[in-house]
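Everything on this sheet refers to the single structure shown next.
Nothing in this text is a laboratory measurement; each read-out follows from the coordinates by a stated rule. Treat the numbers as computed from the prediction; the structure is a model and nothing was measured. A quick note on method: Cβ atoms are made from the backbone with ideal geometry, for glycine too, and the neighbour counts reach across all protein chains shown.
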Amino acid sequence: MLDAFSRTVVSADAKGAVIGSEELADLRKYVADANKRIDATLAITQNVSCIAADAVAGMVCENTGLTQPGGHCYPTRRMAACLRDGEIILRYVSYALLAGDPSVLEDRCLNGLKETYLALGVPTSNAVRAVEIMKIATVAIMTETNTGRKMFKGINSGSGAQCQDIASEAASYFDLVIEALK
Amino acid sequence: MKSAVTTVVSAADAAGRFPSMSDFESVKGSFDRAKARLEAAEKLASCLDKFTNLAVDAVYQTGSYEQANKDKCVRDIHHYLRLINYCLVTGGTGPLDDWGISGMREIIRIQLLPTAAYIEAFIFIRDEIKINDVMGQQAETEFKGLLDYLINALA
């Protein structure tokens, strides 16, 4: 597993090069943005159940056959598995966001996920839709642009508007999940 | 590779839980210390060749030797200092452990290399070179801590 620091080290070592000022500039930004990063991660961890439940509900609403007998979210045991997986994906996205590097998400969550779903008969197109909704919801909560109840307050960084860059980074991790399932 | 953040994430993942408040505290603590070590890494990168040459010259100043041996010594000291540069960036001893120390004893034993010269060179860098001239106090402490770590591993 890598983070922003060790990613720099691994790519420098591949060239046998010393890490100088140029490469350190990016890392200094990572360090300087620590508060925003922690806030953005909190936006996920404080709203996990809500994000996952909304996404799965949205997925079912768009495709009501899922919860009917014969559907993939029937009976409730399978629906529960779906909610659980939504939370697991959010957990790995939160790790990747904190580390500033997607390796933990790729190695421990996405590697073999599609094969597992295919073997279990989980329809990946529906899973992709749920992840898309989670991505939209997460970005909205992080940047405080969600409508209705305010779900997250930037404790360290001041406000969600400060978390714009980090939110796009989080979106890129969700995109990795979507790519892996397609 | 081990660093402050990956250690926290590994522990959280092993327990299957989300990063907690204390995890954030520990990550934040490591970021607070990051400034000094990034400075040390940057300054070491710019002085790496100079430090290497000063140390090797000091080790080889007496006695007769073959130039080829000295060149190899330069190469190795440079290699270890590069790994220290990496350790300063990651904030842990991972790069030294993984790429410089593990397996080192076996290589030294098989090739009958004397480690004394390396130890002497790193002690020279630690004690004789005025590191203070190129980097701040805290950065120097970070750098010397890793030199000590390496010296102990070689001894």
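Here are the numbers for this structure:
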read-out: Within segment B:75-155, trypsin sites (Lys or Arg not before Pro) in DSSP loop having at most 10 other beta-carbon neighbours inside 10 Å; value: B:130
read-out: Extension gain from residue A:118 to residue A:171, taking 0.36 nm per residue of separation minus the Cα-Cα distance; value: 16.6 nm
read-out: Chain B: relative contact order in percent, alpha carbon pairs under 8 Å with at least 6 residues between; value: 32 percent
read-out: Volume per residue of the C-alpha convex hull in segment A:38-83, rounded to whole Å³; value: 60 Å³
read-out: Cα coordinate range in segment A:53-182, projected on the principal axes (Å, largest first); value: 48, 35, 20
read-out: Calculated on alpha-carbon atoms, Rg and Dmax of chain B in Å; value: 17.8, 62
read-out: 0 to 90° range, to nearest 10: angle between helix B:137-154 axis and chain B longest Cα axis; value: 70 degrees
read-out: Residue B:127 versus residue B:153: modelled label distance in nm, points set 7 Å from Cα along the beta carbon direction; value: 2.2 nm
read-out: Per-residue [θ]222 nm for chain B (sum of -39500 (n - 2.57) over DSSP H runs n ≥ 4, rounded to 500); value: -25000 deg cm²/dmol
read-out: Degrees separating the helix B:67-90 axis from the principal Cα axis of chain B, which is the longest one; value: 10 degrees
read-out: Shielding by partners - mean other protein chain Cβ count within 10 Å, residues of B:30-43; value: 4
read-out: Acute angle (nearest 10 degrees) that the helix B:21-59 long axis makes with the longest principal axis of chain B, alpha-carbon atoms; value: 10 degrees
read-out: Stokes-Einstein diffusion coefficient of segment B:3-57, Kirkwood radius over Cα pairs, 4 °C, 1.567 mPa s, in µm²/s; value: 95 µm²/s
read-out: Mean-position separation - Cα centroids, segment B:18-85 and segment A:91-107, in angstrom; value: 29 Å
read-out: Sorted peptide list for B:114-120, A:3-9, B:30-36, criterion being average Cβ within 10 angstrom, highest first; value: A:3-9, B:30-36, B:114-120
read-out: FRET efficiency, 1/(1 + (r/R0)^6) with R0 22 Å, evaluated for residue B:71 and residue B:104 via beta carbons; value: 0.65
read-out: Coordinate range along principal axes, alpha carbons of the protein assembly as shown, Å, largest first; value: 88, 45, 28
read-out: Sum of -39500 (n - 2.57) over DSSP H runs of 4+, divided by residues of chain A (222 nm, nearest 500); value: -21500 deg cm²/dmol
read-out: Dimensions in Å of segment A:13-66 - Rg and Dmax from alpha carbons; value: 20.2, 58
read-out: Zone of residue A:14's modelled label, taken as backbone nitrogen in segment B:80-100 under 17 Å from a point 7 Å along Cα→Cβ; value: none
